[in-house]
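Inspection log for the structure reproduced underneath, given as structure tokens.
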Amino acid sequence: MKSITALFLLFCFLVPSALAQLKFAFYGPSCHRAGSIISTVVANSFRSDPSITAALLRMQFHDCFVTGCDASLLIDPRPGRPSEKSTGPNASVRGYEVIDEIKRQLEAVCPGIVSCADIVALATRDAIKLAGGPSFLIKTGRRDGLRSNPADVNLPGPTIPVSASIQAFAAKGMSVNDMVTLIGGGHSVGSIHCSLFQDRLNDPAMDRSLNAQLRNTCRAPNDPSVFLDQRTPFVVDNAIFGEMQRQRAVMRIDSNLAFDGATRGIVSSFAQSNSLFRQRFAQAMEKMGTIGVLTGRAGEIRRNCRVFNNGR
């Protein structure tokens, strides 16, 4: 018991210290072009593929919710050395080439300065704005992690009960409001493969017309995908919360959020006000970006986001 208490107290002292080292315009003196380079690469990618917003949102969530926002998800597996990228939940994460291009350009002008973890956070922020979502400032100064182990990956799945989802988010310091905001906001863009929502198709409460439409799409071979938000699938907005209330949510967790006693009020408030959703989504994204961050002398600044500097 004493060791657990000591560890908890150590955590309490270390976390505020780490967050205190994150600051706005961290790269101003050392790489003043960092922001413009990141914005340009993301904008170019968005023009050719608007779904990149969904990809980057998912990438950041899957990174931060494992060992913290340390770019450990970006490490490539090697023979005899699997990484977080090797696991099933991360198999469909994409957008790595955008991060690679940003890193390539930054290394050309500011070698060894900008972390991959900060690139992910800033690129996702820029992609959200391009997709009609809120603009917000992000403190930077994250460093890249030195560990990427598939055993660490324990991400909430699409059929997780609301109570279990609340616990998963609480373990990362996120509130119920944060959870609803991030799940809904993240699912306001992007798509999902048919194999991942078969349980929802068997739900008699689901909107009949949508159910028929989805069943028809899912009859095609090779596990096709469908939009998560049927109204505005490329826009980060509050439309999906109204869809949840009308039983037009594709994923089980989205549907459950609209009717669970702990979350239905939050869903209703977002469905009624896009401005409220935008405000809370910006706050929740900023908060998520501070989970488990490494700063100061911890971690490293990778030269290649896919490989540890020592080549491990």
Give me the percent of accessible area attributable to carbon and sulfur for the range 103-227, probe 1.4 angstrom. 51 percent
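Let me make sure I get this right: for the range 219-267, a, b and c are the square roots of the gyration tensor eigenvalues over alpha carbons, sorted descending. Under 1.5 in a/c it's rounded, otherwise prolate if a/b > b/c, else oblate. Which is it? Intermediate results must be reported in sequence, preceding the final value.
On the way: a/c = 3.13, a/b = 1.66, b/c = 1.89.
Oblate is the answer for the range 219-267, as a/c is 1.5 or above yet b/c matches or exceeds a/b.
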Restricting to Cα pairs below 8 Å that are 6+ residues apart, what does the relative contact order work out to for the chain? Please round to a whole percent. 26 percent
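For E243, what charge total do you get from the other residues with a beta carbon under 10 Å from its beta carbon, if Lys and Arg give +1 and Asp and Glu give -1?
Values: positive: R231, R246, R248; negative: D207, D229, D254.
After counting each charged neighbour, the total is 0.
Take every Cα pair under 8 Å in the range 179-245 that's 6+ residues apart, average their separations, divide by the length, and report that relative contact order as a whole percent. Can you show the working numbers first?
On the way: 70 pairs, mean separation 33.1, N = 67.
Reported relative contact order: 49 percent.
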Using the membrane-span-like helix rule (whole DSSP H runs, Cα extent along the own axis of at least 24 Å, mean Kyte-Doolittle hydropathy at least -0.5), which helices of the chain qualify? 2-20
For the range 93-169 and the range 260-312, write down the distance between their C-alpha centroids in whole Å. 8 Å
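How many Å² of accessible area per residue for the range 119-234, probe 1.4 Å?
Working: 5180 Å² over 116 residues.
That works out to 45 Å² per residue.
Provide the gained length on full extension for the span R47 to A171, in nm with one decimal, where the gain is 0.36 nm per separating residue minus the Cα-Cα distance.
Result for the pair: 41.0 nm of gain on full extension.
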Considering only protein heavy atoms, with the full assembly of protein chains and a 1.4 angstrom probe, order I128, I138 by accessible area, largest first. I138, I128
If Rh is defined by the Kirkwood formula over all Cα pairs and Rg also comes from Cα, what ratio Rg/Rh do you get for the range 208-312? 1.14
FRET efficiency (N309, E97; Cβ distance; R0 30 Å; to 0.05) is 0.90
For F259 and F24, extending 7 Å from Cα along the Cα-Cβ vector and measuring point to point gives, in nm, a value of 4.4 nm
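Order these peptides, 272-281, 149-158, 244-253, 211-220, by their mean beta-carbon neighbour count within 10 angstrom, highest first. Let's see the in-between values first.
Values: 272-281: 17.7, 149-158: 14.7, 244-253: 21.4, 211-220: 13.0.
Averaged packing, sorted descending, gives the order 244-253, 272-281, 149-158, 211-220.
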Label point 7 Å out from R147 along Cα-to-Cβ: which residues of the range 280-296 have amide N under 18 Å? 291-296
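What's the local net charge at N177, with K and R +1, D and E -1, over the other residues with C-beta under 13 Å away? Display every interim value, and only then the final one.
Values: positive: R264, R280, K287; negative: D178.
So the environment of N177 carries a net charge of +2.
At R0 = 41 Å, how high is the FRET efficiency between S225 and A108 if r is their beta carbon distance? Nearest 0.05 is fine.
Working: r = 36 Å, r/R0 = 0.87.
E between S225 and A108, to the nearest 0.05, is 0.70.
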Excluding same-chain residues fewer than 8 positions from K129, which lysines have a Cα within less than 24 Å of its Cα? K23, K103, K139, K287
With no solvent and one equal point scatterer placed on each C-alpha of the chain, evaluate the Debye formula and give log10 I(q)/I(0) for q = 0.08, 0.14, 0.15 Å⁻¹, two decimals. -0.36, -1.10, -1.25
Any idea of S36's accessible area? Nearest 10 Å², probe 1.4 Å. 60 Å²
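The values are calculated or read from the model by the stated rules, or taken from the named source; none is laboratory data. Here the structure is a predicted model, which means the values were calculated and not measured. With ideal geometry, Cβ positions are generated from the backbone for all residues, glycine too; neighbour counts draw on all protein chains shown. Protein only, heavy atoms only, side chains kept; ligands, DNA and RNA dropped before computing areas. Shrake-Rupley method; radii C 1.70, N 1.55, O 1.52, S 1.80 Å.
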